[in-house]
Amino acid sequence: MQVHNLSPRDTTQQSIDEAVLQAAIVAYFAANPPQALPPGAFIWFCGIAPPTGYLHLNGDGVLRADHALLDTAVYCGDEENAAAGSFYHFTDLSDPESSRDINGPYLKLLDVRSDHICGADDGRGVEPNHIIGSWHEDTMQGHYHAPGGTGSKQFIYNRGSGGIISLSFSGGSGDRTTVPVTAPTSDGVHGTPRIASRTQTRRVVLLPCIKT
C-alpha cells in the first residue's frame, strides 16, 4: 500500500481551497437565505415576550410605516376597513374603533389573549361569519332537558284545568309551581364540576405572536 504525504505546498493549497469554499458557502446563503416564515405568520412562543421580528397579538395598534410588510400581508382591505374585527387602519391609538380610516397610520392587531384559535370558514358553510380576524363569544349548542330520573330526583308534570301545568317531585308533598335549582354538584362519579364564566376546553397557555 502506498502512503502519500502532503508537502507543505499541498497543505497550504488545501487550506486555501477550504477557505474559498467556506467563503462561497457564506456568500451563497447571504444571497439566498433559508425560507423564513412570511409576514403575517402566526406562532405560539414559550417566552414572556415575543422573539425578534414578531409582535404580541394583544390587540395593540402599530405604525404601518414600521411594519410595512405585515400591513401588506394582513390588512383587511379598504372595503372591509369599516367593519372588520381587526387588521384595519385607523388614526387614533386611544380609540381605534371610532377612528377607522383606510389611510390611517396605524394597523389594529388581533387580540388572541385568553382565546382559542379557529379556522376561517372560507365558504365551507359551518360558521359563515368566521372570517379572518373576527372574534366570537363562547356559545353552547342548543338543547333541552327531558323530565326523568327516579325516586326523589324524578320530575312529574301535572296538567290541570285550562291546560295549566304544575311540576312536582315524586315522594314530595303537593304540587309546586316552581322548583329551586342549585349550582352543579358532583354526581359521585366524575368529580367536582369546574365552573367558570365561559365554556372552555382543557388548555395550556403560551404567547401568541405574529411575524412582522
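Every number in this text was worked out from the coordinates using simple rules, so none of it is lab data. Quantities reported herein were computed from a predicted structural model and do not represent experimental measurements. Because the Cβ atoms are built from the backbone with ideal geometry, glycine has one as well, and the counts that use them run over all protein chains shown.
Of LEU107, LEU93, LEU55, the sequence from fewest to most neighbouring Cβ atoms within 10 angstrom is LEU93, LEU55, LEU107. The distance between label points at CYS118 and TRP44 comes to 1.8 nm (points 7 Å beyond Cα on the Cα→Cβ vector). Here the spin labels are modelled as points 7 Å beyond Cα on the Cα-Cβ line, and at ALA183 and ALA196 they lie 1.6 nm apart. Distance between the 7 Å Cα→Cβ label points at ALA19 and LEU69: 3.4 nm. Counting charges near CYS118 (Lys, Arg +1; Asp, Glu -1) among other residues having Cβ under 15 Å from its Cβ returns a value of -4.
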